[in-house]
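Q: The following block contains the structure, expressed as structure tokens.
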Amino acid sequence: MAMKRKKRAKRSGATSGRTKKDRVSKKSKRAAELRAFKKQAGVRLKKDLKKLQGATPKENRDAVQALRMYQAELEMQNEELRSIQEELEASRDRYADLYECAPVGYLTLSRKGMIEAANLTLCRQLGYDRSALLKKPLSRFVHREDQDIYFRHFRQMLKSRKGRTCELRLRTKGGALVWAFLECVVERDRKGSVSRARVSVSDITEHKRDEVALSEREAEQQMLLKSMANAFVIFDSVFDDEGRFTSYRFVYINDAYERITGVKNDDVCGKTVHEVWPETEPEWIKRYGEVAVTGRTQHFELYHDPTKKLYDCTVYRPYPTPERFCVVFEDITERVEAERALQESEETYRTIFDAASDAIVVHDAESGAILDANAQACELYGYSVDELKHMSVGDVSSGEPGYTEQDAKRLIGRTADGAPQTFEWHSKDHSGRCFWSEVALKSALIRGRDCILAIVRDITERKAAEERLRRYSEELQEMVEARTRELDTTRAELFQAAKLASLGRMGAGIAHQLNSPLCGAMLLIDALLEREIAASEREHLQRVRKGLTAMRDIIEAMLSLAMVHRRGGMAWEEIDLRTVIANILGVTEADRDARRIALHLHFPDAFPAMTAFPGEIDQAFMNLINNAIDAMPEGGTLTIEGAAEEGHLIIRVADTGRGIAPEHREYLFDPFFTTRVTEGGLGLGLALTHQIVTKYKGEISVESELGRGTIFTVRLPLSETDEPMEAIPQGGEER
Amino acid sequence: MTEQKKSILVVDDEQNVCEGVKEVLEGGGYIVTMATSGQAAVELVKQEPVDVVLLDLIMPGMDGADTCAAIKKMRPDTAVVAISGSPSGERLNRFFENGGVDIYLYKPFGREELLQGVEKVLSGDYLKV
């Protein structure tokens with residue numbers, strides 16, 4: 001009974017822990033028990049002592065004896081109790097340890113969900129002191145979102161009166177959430193209804209976290225597989241009775257596979273390929289079978305007729321057994337088609353490129369590197385396309401100043417900047433031959449790349465033709481200039497000749513009128529001179545005859561101007577100009593003497609004869625000498641010098657007369673230009689002289705100074721006159 | 001002088017020329033007759049042949065060319081010496097080709113030139129001219 005009581009006391013004590021306060025209340029309780037016990041014993045003792053009053057000594061002795069024995073027994077019992085108590089205390093401490101320091105939290109809940117007891121582990125789990133937990137509803141420590149779980153769980157526990165488990169999140173003092181696994185056992189009262197619940201609380205946060213991570217990873221993998229761009233299929237192998245791979249069965253197909261083939265996962269899963277596509281080509285069975293059986297991954301491209309598509313397939317066996325294999329598909333129908341189209345386009349481009357009659361080189365717009373060249377370019381430069389692709393633009397240029405790689409790149413750069421260039425370029429081919437080319441640069445976008453097209457044309461021949469043309473043009477120009485000069489001269493001469501011709505025609509008319517009477521007179525005088533006549537008469541007649549001859553000469557001179565040479569001009573003769581001059585001087589002697597003109601004559605001893613028509617040369621010098629004499633009416637000096645040099649005869653006729661005014665010099669050789677109208681000058685003399693000198697391809701020039709004199713210089717070629725000249729020059733016509 | 005004198009006809013509308021020629025040639029030993037027109041000359045030659053005709057080319061009436069042609073037609077052996085004051089190439093050529101003129105003397109000429117010309121035509125040397 002006492003033990004029972006003590007046990008109960010201990011149990012109730014166990015619920016209150018081992019604090020100092022607890023111990024104090026326990027001691028007082030026990031003291032109260034002892035006092036009650038002593039009081040009871042005292043009552044009994046008084047009863048016994050009453051019995052003893054009046055007792056015999058023997059009885060007294062017996063009674064004392066009994067008391068002593070009783071006392072001993074009590075002492076023994078006390079001792080036993082003390083040792084039991086010690087044992088109990090040790091046990092109690094052991095269990096308290098187990099309870100308080102258990103690896104899981106423990107708590108006791110009242111029917112109303114209040115925390116009646118909690119172990120230290122729970123306190124640590126939640127971060128609260130025990131006092132903060134006791135007499136508080138557990139729900140206060142449950143995460144807001146998990147309140148429903150808790151109350152459902154609690155209600156069902158009360159209702160079913162059975163232990164339950166649940167998972168929910170508890171909130172710690174610090175605000176952190178702890179995943180907890182709650183396991184409850186119920187304690188029932190005598191009526192069988194739940195009086196309280198004992199709950200263990202396990203921290204499953206880590207576990208929960210792992211679990212979430214795992215499921216997330218799985219979902220992610222599933223998602224990846226499902227949503228990957230490539231079609232993915234898992235097949236199960238189908239073998240026949242003899243173990244041959246005969247077909248395969250759909251296990252899983254992803255979205256991409258559905259999209260590409262048009263079948264649905266739900267429709268095909270579990271079916272064999274022959275059920276889905278009866279016309280599947282045997283090649284597919286063969287290829288898959290090889291992978292399933294051997295386990296060696298295969299990669300191939302294969303056409304699938306049922307879906308009319310070309311696939312790029314990677315087949316592998318994920319497990320060491322042949323039951324299952326996977327395939328990754330890629331629909332390459334369009335890609336292959338595009339590649340084929342690209343290749344066709346490329347071939348078309350190449351054909352056109354090579355068919356161009358001009359050489360075409362494709363350069364990179366930025367670097368100028370050669371990217372491509374057509375057949376004509378290869379022929380032009382003497383390199384293959386591959387060789388050209390490894391060459392720079394400088395390798396096909398002459399490299400002369402203005403035609404270097406830098407120059408070429410500058411031109412390419414300008415074209416890339418949007419200014420097409422056309423220019424002539426000095427190129428170089430494989431053999432090292434440099435040649436002229438015409439290059440047109442244009443920018444173009446080829447295969448998405450900025451390129452420069454160089455269209456090159458060999459213009460060697462054109463250049464040569466141009467050069468020939470240029471030279472020809474120059475020659476022509478020279479010829480034209482020379483001819484123009486000749487024409488100018490000729491025109492001037494013609495102008496002169498025309499003037500002279502009109503003069504000549506007039507002269508011819510006059511000649512006709514004068515010549516016949518003159519002829520009669522000359523013949524009659526000649527006839528008279530043949531007769532026997534007096535000397536004085538003869539002298540007179542001879543003088544007249546001389547005058548007639550002079551008249552004839554004048555007429556002849558006029559005809560000469562018209563280039564009508566009738567007399568003595570039928571044959572060339574060797575003429576010594578010294579003799580000609582001497583004859584003229586003889587004729588003019590009287591005039592010179594009359595004017596007191598001194599004569600200086602200088603001729604070298606050896607003076608070549610020239611060939612000429614007699615009469616013409618006489619006429620030319622006669623006019624010069626007469627002019628010189630006429631220029632010196634008050635006297636002076638006449639100087640005539642002759643020289644022979646370089647195939648020319650030079651005769652200089654100089655006077656010290658009045659000179660020729662500068663404004664007159666231009667007209668000096670014009671017919672009828674005279675400054676001596678009052679003195680009877682006809683103005684024919686110098687014109688005739690000029691005419692004759694020019695006819696003999698000679699030159700005449702004049703130097704003059706007013707009041708000082710004039711020098712005429714005649715320069716006649718010797719060689720020119722070697723060639724026969726027209727015996728009868730064309731010219732004036734008789735009228 | 002030769003035993004038989006050569007006869008010469010001078011034809012010129014200028015009387016002085018005829019007279020002068022006659023004087024000179026007679027002095028040179030020739031028999032000279034004169035005519036002052038082409039018609040007269042043709043008549044004279046028709047009556048009697050001459051060795052040489054000295055013929056002025058430009059005359060009023062029948063001119064030298066026609067006269068020459070007529071004379072040559074009648075007497076082809078007659079030598080004709082043309083005498084003129086102003087010859088031109090064109091007309092001269094016409095005389096040589098059509099008129100049968102043998103040689104040419106330019107007026108004015110003197111005694112020496114006349115005698116040389118006549119001697120030349122009589123000797124047949126003129127073709128060399």
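The values are calculated or read from the model by the stated rules, or taken from the named source; none is laboratory data. All values reported here derive from a predicted model rather than from experimental measurement. We place every Cβ from the backbone using ideal geometry, glycine too, and count neighbours over all the protein chains shown.
Q: Quick check on the range A:698-715: of everything there that is in contact with an Asp or Glu (Cβ under 8 Å, 6 or more places away or on another chain) and either polar (S, T, N, Q) or at pLDDT below 85 (or both), which residue is nearest to A:A620 (Cα to Cα)?
A: A:T713
Q: Return a yes/no flag: does the range A:676-691 have any residue that is β-branched (V, I, T), at pLDDT below 90 and surrounded by fewer than 16 Cβ atoms within 10 Å (Cβ to Cβ). It would help to see each step written out before you state the result.
A: Start the filter on the range A:676-691 by keeping residues that are β-branched (V, I, T), which leaves A:677-678, A:689.
Going one step further and asking which of them are at pLDDT below 90, we end up with A:677-678, A:689.
With the extra rule that they be surrounded by fewer than 16 Cβ atoms within 10 Å (Cβ to Cβ), the set shrinks to A:677-678.
Yes, the range A:676-691 has at least one match.
Q: Also, quick follow-up: Would you please list the contacts, defined by Cβ atoms under 7 Å and residues six or more apart or on different chains, that run from a residue in the range B:49-62 that is within 13 Å of another protein chain (Cβ to nearest Cβ) to a residue that is assigned to a loop (DSSP other than H, G, I, E, B) and not hydroxyl-bearing (S, T, Y)?
A: Every condition considered, the pairs that remain are B:D56/B:D12; B:D56/B:D13; B:L57/B:D63; B:M59/B:D13; B:P60/B:D13.
Q: Against the conditions (1) of a type in the set (A, V, I, L, M); (2) buried (at least 18 other Cβ atoms within 10 Å of the Cβ); (3) at pLDDT 80 or above; (4) over 16 Å from A:D655 (Cα atoms), where does A:A590 fall short? Just the number, please.
A: Every listed condition holds for A:A590 apart from (2).
Q: Right, something else. Consider B:E19 carefully, then state whether it is crowded, with 16+ Cβ neighbours inside 10 Å, acidic (D, E) and either under 21 Å from A:A511 (Cα atoms) or at pLDDT 90 or above (or both).
A: Details: crowded, with 16+ Cβ neighbours inside 10 Å: yes; acidic (D, E): yes; either under 21 Å from A:A511 (Cα atoms) or at pLDDT 90 or above (or both): yes.
Taking the combined requirement at face value, the residue satisfies it.
Table: residues versus (1) assigned to a helix (DSSP H, G or I); (2) surrounded by fewer than 18 Cβ atoms within 10 Å (Cβ to Cβ); (3) among the hydrophobic types (A, V, I, L, M, F, W, C); (4) in contact with a Pro (Cβ under 9 Å, 6 or more places away or on another chain).
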{"residue": "A:E330", "(1), (2), (3), (4)": "no, yes, no, no"}
{"residue": "A:E347", "(1), (2), (3), (4)": "yes, yes, no, no"}
{"residue": "A:D354", "(1), (2), (3), (4)": "yes, yes, no, no"}
{"residue": "A:E366", "(1), (2), (3), (4)": "no, yes, no, no"}
{"residue": "A:D407", "(1), (2), (3), (4)": "yes, no, no, yes"}
{"residue": "A:T415", "(1), (2), (3), (4)": "yes, no, no, no"}
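Q: Considering each of A:N583, A:N515 in turn, give the residue that is at pLDDT 70 or above and more than 10 Å from every other protein chain (Cβ to nearest Cβ). So that I can check it myself, show each step before the final result.
A: On the way: A:N515 fails: more than 10 Å from every other protein chain (Cβ to nearest Cβ).
Result of the check over A:N583, A:N515: A:N583.
Q: In addition: When the range A:151-175 is examined, which residues are found to be under 24 Å from A:A132 (Cα atoms), surrounded by fewer than 13 Cβ atoms within 10 Å (Cβ to Cβ) and in contact (Cβ under 8 Å) with a residue 24 or more places away in the chain?
A: A:K173, A:G174
Q: List, please: which pairs have Cβ atoms under 7 Å, are six or more places apart or on different chains, and start with a residue in the range A:526-547 that is more than 11 Å from chain B (Cβ to nearest Cβ) and end with one that is among the β-branched types (V, I, T)?
A: Matching pairs, first to second residue: A:L541/A:I525; A:V544/A:I525.
Q: Mind listing whichever residues of the range B:27-36 are within 14 Å of another protein chain (Cβ to nearest Cβ) and of a type outside the set (V, I, T)?
A: Those that are within 14 Å of another protein chain (Cβ to nearest Cβ) and of a type outside the set (V, I, T): B:G27, B:G28, B:G29, B:Y30, B:M34.
Q: Residues B:V45, B:V10, B:V24: which one is touching a helix residue (DSSP H, G or I) at 6+ places or on another chain (Cβ under 8 Å), in a strand (DSSP E or B) and either more than 21 Å from B:E112 (Cβ to Cβ) or within 12 Å of chain A (Cβ to nearest Cβ) (or both)?
A: Checking each option against the conditions leaves just B:V10.
Q: Just checking, which of A:S12, A:S16, A:S25 is surrounded by 10 or more Cβ atoms within 10 Å (Cβ to Cβ), at pLDDT below 85, within 25 Å of A:E100 (Cα to Cα) and in contact with an Asp or Glu (Cβ under 6 Å, 6 or more places away or on another chain)?
A: After ruling out the rest, the residue left standing is A:S16.
Q: Next up: Could you tell me which residue of the range A:370-401 is surrounded by the fewest Cβ atoms within 10 Å (Cβ to Cβ), considering only residues that are touching a residue at least 24 places away in the same chain (Cβ under 8 Å) and in a loop (DSSP other than H, G, I, E, B)?
A: Step by step, filter the range A:370-401, then rank; the result is A:E400.
Q: Continuing with the same structure: Can you find even one residue in the range A:463-475 that is without any contact (Cβ under 8 Å) to a residue 40 or more places away in the chain, outside any helix (DSSP H, G or I) and at negative phi?
A: No, that holds for no residue.
Q: Same structure, new question: If you check every pair at least six apart or on different chains, which have Cβ atoms under 6 Å apart with a residue in the range A:704-715 that is on the phi > 0 side of the Ramachandran plot first and a residue that is in a strand (DSSP E or B) and crowded, with 22+ Cβ neighbours inside 10 Å second?
A: A:G709/A:D655
Q: Residue by residue through the range A:105-143, note down the ones that are closer than 26 Å to A:K159 by Cα, in a loop (DSSP other than H, G, I, E, B) and touching a residue at least 24 places away in the same chain (Cβ under 8 Å).
A: Selection gives A:R111, A:K112, A:G113, A:H143.
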